[in-house]
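What follows is a set of notes on a single structure, which appears directly below.
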Amino acid sequence: MLQAEIDELHAARTPPPEIDPRIAELEGLQDQYEDLLIEGEKEPARAIRRQVETLRTAMDQESLAARDEVTRRVASEDVRYDQALTATEEVYSVLDPDNDAFDHALTVEVGELMDALVSRGTPRHTALQRASKYVLGNPAQPPAASVAATEAAEAEVGAAATTAVDEIAQQRERAARTAAAAAAASQPPDSAVAGDASTAAGKPVVSSGNVIISQTEFDQLDEAAKSRARGDTI
């Protein structure tokens with residue numbers, strides 16, 4: 001099927017460009033100039049020669065301009081082709097010689113069809129794209145879109161991971177505070193401040209009627225008052 005497509009493209013090649021009619025005019029003037037020289041007609045020969053030189057100069061200038069334009073177009077087409085080739089190899093890994101999926105047979109097949117398209121007048125970068133699509137079909141997903149989708153997914157996952165880490169850290173901090181508070185509440189009284197020393201902190205430990213006094217205040221009472229405070233006497 002591919003060979004039939006190539007044969008059809010070769011058969012439809014564009015015809016060769018037409019010959020510039022001024023070439024025939026130039027040849028005719030050159031013949032007149034030579035005839036006049038043979039006949040000794042110098043002045044008419046000089047006039048014809050000036051016409052020949054003027055026409056030849058104009059044709060040369062146009063030819064130079066045309067070559068410059070062709071050079072510019074070729075350079076531009078080379079840039080476009082290089083860009084198209086890079087993009088095509090990214091889309092179709094079987095055409096990339098540096099890829100493990102490279103397929104030589106498919107690459108040759110694409111190249112033959114591309115050459116046939118170019119011979120028909122299709123620009124090389126367009127021919128490459130059309131040939132690749134014809135032989136290999138439409139790509140599943142352009143690499144640029146794939147890269148963009150991957151980067152977006154990674155960014156989304158990264159943001160979610162950051163949020164989850166922050167939430168876990170906050171939960172751990174709250175749990176640590178709760179555990180610390182519970183541990184402090186369950187601690188027994190410090191023996192260093194128990195007993196008599198507890199009175200130094202001003203804790204009420206002795207009751208005298210309806211009055212609660214500290215150990216320090218109790219020690220300052222006389223013995224009768226201490227006895228009554230202790231309940232030794234009723």
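When you go through (1) modelled with pLDDT of 90 or more; (2) loosely packed, with under 12 Cβ neighbours inside 10 Å one by one for Gln61, which number turns out not to apply?
(1)
Tell me which residues, restricted to the range 39-52, are in a helix (DSSP H, G or I) and either at pLDDT 90 or above or surrounded by 12 or more Cβ atoms within 10 Å (Cβ to Cβ) (or both). Please lay out each step first, then the result.
As a first pass, look at the range 39-52 and keep what is in a helix (DSSP H, G or I): 39, 42-52.
Glu43, Pro44, Ala45, Arg46, Ala47, Ile48, Arg49, Arg50, Gln51, Val52 - these are the residues of the range 39-52 that are in a helix (DSSP H, G or I) and either at pLDDT 90 or above or surrounded by 12 or more Cβ atoms within 10 Å (Cβ to Cβ) (or both).
Among the residues of the range 63-110, how many are closer than 27 Å to Gly137 by Cα, of a type in the set (D, E, K, R) and without any contact (Cβ under 8 Å) to a residue 60 or more places away in the chain?
Qualifying residue count for the region: 10.
For the range 58-71, indicate whether the set of residues that are in contact with a helix residue (DSSP H, G or I) (Cβ under 8 Å, 6 or more places away or on another chain) and of a type in the set (S, T, N, Q) is non-empty.
no
The values are calculated or read from the model by the stated rules, or taken from the named source; none is laboratory data. These numbers come from a predicted model, not from an experiment. Ideal geometry is used to build each Cβ from the backbone, glycine not excepted, and the neighbour counts take in all protein chains shown.
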